[in-house]
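The values are calculated or read from the model by the stated rules, or taken from the named source; none is laboratory data. Since the model is a prediction, treat every value here as computed from it, not as a measurement. Cβ sites come from the backbone with ideal geometry, for glycine too, and all protein chains shown count toward neighbours. Surface accessibility is based on the protein's heavy atoms, side chains included, excluding ligands, DNA and RNA. Shrake-Rupley method; radii C 1.70, N 1.55, O 1.52, S 1.80 Å.
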Amino acid sequence: MAGSARLEYLLRLGDNALILSQRLGEWCGKGPALEEDMALTNTALDLLGQARLWLSLAAEEAGDGADEDTLAYLRDDRAFRNLLLVEQPNGGYADTLVRQFLFDAWASLALRQLLGSSDAAIAAIAEKAIKEVSYHLRRSSDLVVRLGDGTARSRALLQAALDTLWPYHHELFTGDAVDAEMLARGIGFDPASLRDAWLSYVRDVLAEATLTVPSAGGWAPKGGKQGLHSEHLGKLLAEMQVLPRSHPGARW
Amino acid sequence: MYAQMVDTGTPSAAAVDAQEARFQQRIDDGIRIEAQDWMPERYRRTLIRQISQHAHSEIVGQLPEGNWITRAPSLKRKAILLAKVQDEAGHGLYLYSAAETLGISRDQMVDDLHAGRAKYSSIFNYPTLTWADVGAIGWLVDGSAIMNQIPLCRCSYGPYARAMIRVCKEEAFHMRQGYDLMLALARGTPAQQAMAQDALNRWWWPSLMMFGPPDGDSVHSAQSQAWKIKLFTNDELRQKMVDQTVPQAEYLGLTVPDPDLKWNAERGHYDFGAIDWEEFYNVVKGNGPCNRERLETRRRAWDDGEWFREALVAHAGKAAARATAKAA
């Protein structure tokens, strides 16, 4: 989907929330404890609410009769603009938690930047979302600490998840022409500017969790923001979009 | 001496009779029984069975609906379904807590479920094959559940009655959402209408079975009614459900799959056809379409989460030890 930089930007924000929510929804009824089942669903619901706000705003920008549902259900994977991190499979609970923690730590910084956006509609959504994301981050950080510094088995599972997901953090801080234009217009922020604060927060939590920060360098996959995804996204969308795709024009 | 014997926990038969009579009098007077009050062992056991079965139903009940969260056809419907399933988990949590006041732990109840010693509502052993099934569950299954549960808000055991008040409010909301989903399908394309009719066809009879066996065959009814933990009979509630639901189906333009269904002006109720109790008992025994899968999913979730629960306990132990060391 080619469009204005603002549209691209809104799709990125909306797709991150939508795809992560979709992943969390897969956990329904299968969490490691009843309280955790509720928390996973609650986080999925918060993110879905945010996705609907971002995508509705994106639909206004896109015009042409688009709405939150046409954007969610009728775009192909190459038109999705989410970060590769959020589309990674759930794996076990440790993988889901580490993915959430890395994302929450980034999202809370990103949304804080957007609170000061010159675009009032974007600032308003950020203001609502940051309250939820701050809570998500408190929860995911707390669990990383408790499970990292839990048993030998839990530490090993969290460390393995961290080692697997770590390469995806690079994309969070890689800007492109869309980011540059949003920054220049006072709407957005420079992704690279968040890296130090993110690393510092994540390092502190991992230290308390007795986990080892994976070494720098090496593989740094990216492209999700521009629509170049992993193989996982196509399957996720095939499942998510099946009904509207098989009943064109139906209302639900 | 008499009072002392009661206090030592070895009361005479006469003392027990007197105690039971006082207990029954309290119930007859409409005074709630609370966790710290004396109660007959059979009352305690019956409630544990009933409340834990209800809690397990909420937990297992997440699975057939959860089957459609990832495929909900609009973001609004997805949000409604996520919120609903989260409510169910919450109901499970209050109900386990209510049962815990009777002296059983949640871990023990979960273990009973996984070992097949405790039951959950058989309705959740049917598959959700289409999106319309999500609507049918809200409309019919939650509809039947509310019919069963509203009287329980007035039941004799305080913690259960209070839990049910909140549960019923949320269930009423779920039922309306389910009906609204069915209405969208009924007003939709021919394929959507067919989906709605097919769901009604498959869920109608199992929803009526939810009230349990006919009054003549119900093993727990008479005592439970005397104890006011059951306020209406299975057949009374089933009739109410049919009377309430038939006009709703008509409004949707759907056909209730019962050729014997007709209004009986003399009784002021709908007459309806015979229920296939063989199917009911077969599903209760474990031979429904999804019994094995549902229980296996719950067992696997529990087993896969063992490391998580152990680690939280281990961390709490470490944190407590560190706090003690600091204080010393």
Hey, A:Asp149 more than 20 Å from the chain's Cα centre (by Cα), among the acidic types (Asp, Glu) and within 30 Å of B:Glu310 (Cβ to Cβ) or not: yes
message: Please go through the stretch A:206-229 and give me each residue that is touching a helix residue (DSSP H, G or I) at 6+ places or on another chain (Cβ under 6 Å) and either in a loop (DSSP other than H, G, I, E, B) or within 14 Å of another protein chain (Cβ to nearest Cβ) (or both), ordered by number.
response: A:Glu208, A:Ala209, A:Thr210, A:Leu211, A:Val213, A:Pro214, A:Trp219, A:Ala220, A:Pro221, A:Lys222, A:Gly227, A:His229
task: Within the stretch A:156-192, work out how many residues are more than 14 Å from chain B (Cβ to nearest Cβ) and either of a type outside the set (A, V, I, L, M, F, W, C) or surrounded by fewer than 15 Cβ atoms within 10 Å (Cβ to Cβ) (or both).
output: 21
field: Residue check for A:His247: free of Cβ contacts under 8 Å to residues at least 12 places away in the same chain, surrounded by 12 or more Cβ atoms within 10 Å (Cβ to Cβ) and out of contact with any Pro (no Cβ under 7 Å at 6 or more places or on another chain)
entry: yes
query: What residue, among those in the stretch B:12-67 that are open to solvent by less than 20 Å² (accessible area, probe 1.4 Å) and more than 21 Å from the chain's Cα centre (by Cα), is farthest from B:Cys168 (Cα to Cα)?
result: B:Ala15
Residue among A:Leu40, A:Leu45, A:Leu53 that alone is open to solvent by 10 Å² or more (accessible area, probe 1.4 Å), more than 8 Å from chain B (Cβ to nearest Cβ), assigned to a helix (DSSP H, G or I) and under 17 Å from A:Ala126 (Cα atoms): A:Leu53
- prompt: In the stretch B:215-243, what residues are closer than 23 Å to B:Arg22 by Cβ and part of a helix (DSSP H, G or I)?
  reply: B:Ala222, B:Gln223, B:Ser224, B:Gln225, B:Ala226
message: Need the failing condition index for B:Glu250 against (1) farther than 20 Å from B:Met147 by Cβ; (2) assigned to a helix (DSSP H, G or I), just the number.
response: (1)
field: Per-region count, the stretch A:116-134, residues away from every other protein chain (no Cβ under 14 Å) and touching a residue at least 24 places away in the same chain (Cβ under 8 Å)
entry: 10
task: Among what's in the stretch A:59-91 and is acidic (Asp, Glu) and in contact with a helix residue (DSSP H, G or I) (Cβ under 8 Å, 6 or more places away or on another chain), pick the residue that is most open to solvent (accessible area, probe 1.4 Å).
output: A:Asp76
Index of the failed condition, B:Leu102 passing every other in (1) more than 30 Å from A:Arg245 (Cβ to Cβ); (2) within 11 Å of chain A (Cβ to nearest Cβ): (2)
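Looking at this structure, is B:Lys240 open to solvent by 10 Å² or more (accessible area, probe 1.4 Å) and on the phi > 0 side of the Ramachandran plot?
Values: open to solvent by 10 Å² or more (accessible area, probe 1.4 Å): yes; on the phi > 0 side of the Ramachandran plot: no.
No, not satisfied.
With the requirement that a residue be within 12 Å of chain B (Cβ to nearest Cβ) and in contact (Cβ under 8 Å) with a residue 40 or more places away in the chain, what does the stretch A:18-34 give you?
Scanning the stretch A:18-34 gives A:Leu18, A:Ile19, A:Gln22, A:Arg23, A:Leu24, A:Glu26, A:Trp27, A:Gly31, A:Pro32.
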Subset of the stretch B:73-108 that is of a type outside the set (S, T, N, Q), in contact with a Phe, Trp or Tyr (Cβ under 8 Å, 6 or more places away or on another chain) and without any contact (Cβ under 8 Å) to a residue 60 or more places away in the chain - its residue that is most open to solvent (accessible area, probe 1.4 Å): B:Arg106
field: All positions within the stretch B:284-311 that are in a helix (DSSP H, G or I), more than 9 Å from chain A (Cβ to nearest Cβ) and open to solvent by 40 Å² or more (accessible area, probe 1.4 Å)
entry: B:Val284, B:Lys285, B:Asn287, B:Arg292, B:Glu293, B:Glu296, B:Arg299, B:Asp303
- request: For residues that are closer than 15 Å to B:Asp276 by Cα and among the aromatic types (Phe, Trp, Tyr), scanning just the stretch B:176-220, find the one that is surrounded by the fewest Cβ atoms within 10 Å (Cβ to Cβ).
  value: B:Trp205
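Pull up the stretch B:186-236, narrow it to residues that are of a type in the set (A, V, I, L, M) and touching a Ser or Thr at 6+ places or on another chain (Cβ under 8 Å), then point me to the one that is nearest to the other protein chains (Cβ to nearest Cβ).
Here the residue is B:Met195.
Restricting attention to the stretch B:69-99, which residues are at the interface with chain A (Cβ under 7 Å from one of its Cβ atoms) and under 20 Å from the mean Cα position of the chain (by Cα)? Even if it seems obvious, please write down each step before you answer.
Taking the stretch B:69-99 as the starting set, the residues that turn out to be at the interface with chain A (Cβ under 7 Å from one of its Cβ atoms) are B:69-71, B:73-75, B:77-79, B:82-83, B:85-86, B:89-90, B:92-93.
Within the stretch B:69-99, B:Leu82, B:Ala83, B:Val85, B:Gln86, B:Ala89, B:Gly90, B:Gly92, B:Leu93 qualify.
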